[in-house]
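Below: the structure, in structure tokens.
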Amino acid sequence: MKFTLISSALSLVALAQAASASLVDTSNKWPNPENIPVCWQIEELQKLSDFSPKLSVINDLDQLMMMDAEQLVTILSLEPSEENLDKIENERFLFQTILGYEQGTQAIKPYISIYKEKIKEMAINEYHKKTNIRFTGWNDCTEQDKQSTNNIRINIVGLYFGNGKYQVTGAYSGIGQPSTELKGKPTLSITVSPEINEKTELAVKGSVIHELGHALGLQHEHDRVDAQDCKYSKLTEPTISNTPSSYGGNYRYVGPYDSRSVMNYCSDGTELTNGDVQGLQYLYPESTQSKAVKCAINPASNYKETGFNYKGWCNGFKNQNACESAKKQDITLCKWTTSN
Ligand SMILES: [Zn+2]
């Protein structure tokens, strides 16, 4: 009975606010959202033969998958006991993953520079257009960059699944600004395919927008306790809480649940929804300078009510002349003069 009441209250809220929702982590926010450095840290992956020298006789994943447990036990020079046979079946998945990444990453090597361009374009087209976040840099990471906690370091990998199939799954990212624990390592990884077509590109795009969402502090939308329509939901009891039970971080719900969110495993979305944008706005409110630009373009706008004095609003810009001339016609140019 209680459950029904909560549900109907929720759908009323959802109707009133349309699709606007997010699950955000406020603990590792970036200090300057208008200048978040991004660099490429393309890693050589561990080879199956490094991991287990005896397995160097296996040339490809198809060969590994065709071998039965007894053959693998022989290759690894284990006693053919029942226990070892079980162990091999458990470890085959690990071998498969290592060999899959090794072969997949080899296969995508000729396409790395194409994917760098595509990923950059995908990120800018979504985030720069819809939010006040600006990703900058996009060069290969220097040794100094790799030790920094003030950048997003992107790795690009391939994953071969056997039988000629490549899979665009298994991407990951840290949540928010990286901690010192991630020093030296990529902070975000995207899996791509050597088969570049509309379908794989869309899958990569969804993954890029999703992982960058994590890197900015967005969490999985289906992990909200009110994500009742999603099979991945960790909902165990019908209570609305401000903190999902599975997380220990500093989590906040922004608006009602969004089933279309790019951060929702139950959505096949490849773009930021209004709800995702609202979550990012909660974490990174528009800067005073951006407000000043809008205020100067349209002094009658709501920004006037914030009490900001828009006279002399170009003072904070590096290129004041460009700003002065831009404020009459081009708001975009004006915003850009702040970030270089
Ligand atoms: Zn995720």
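Bear in mind that the values in this text are calculations on the coordinates, not laboratory data. Just so it is clear, the model here is predicted, and its values are computed rather than measured. Cβ atoms come from the backbone with ideal geometry, glycine included; neighbour counts cover every protein chain shown.
Quick look at the numbers
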| quantity | calculated |
| --- | --- |
| Rounded Å value of the spacing that divides the Cα centres of the stretch 85-124 and the stretch 149-213 | 9 |
| Three-way shape call for the stretch 124-198 based on the alpha-carbon gyration tensor, with the a/c threshold at 1.5 | oblate |
| Given Lys29/Lys183; Lys118/Lys165; Lys120/Lys205, the pairs whose alpha carbons are separated by over 19 Å | Lys118/Lys165 |
| Pairwise centroid distance, computed over Cα atoms, of the stretch 255-269 with the stretch 18-65, Å | 22 |
| Three-way shape call for the stretch 48-108 based on the alpha-carbon gyration tensor, with the a/c threshold at 1.5 | prolate |
| Pairwise FRET efficiency - Tyr232 versus Gln46, Cβ, R0 = 25 Å, nearest 0.05 | 0.30 |
| Kirkwood Rh in Å, taken over all unlike Cα pairs in the stretch 174-221 | 12.0 |
| Ile112/Ser81 FRET efficiency (R0 45 Å; Cβ-Cβ; nearest 0.05) | 0.50 |
| Burial ranking of peptide ranges 270-281, 157-168, 51-62 (average Cβ count within 10 Å, highest at the top) | 270-281, 157-168, 51-62 |
| Computed P(r) (all Cα pairs; the stretch 83-208; 10 Å bins; percent) | 12, 36, 33, 14, 4, 1 |
| Unit charges on C-beta of K, R, D, E only; dipole of the stretch 22-107, Debye | 360 |
| Least to most buried among Glu211, Glu89, Glu286, Glu79 (fewest other Cβ within 10 Å first) | Glu79, Glu89, Glu286, Glu211 |
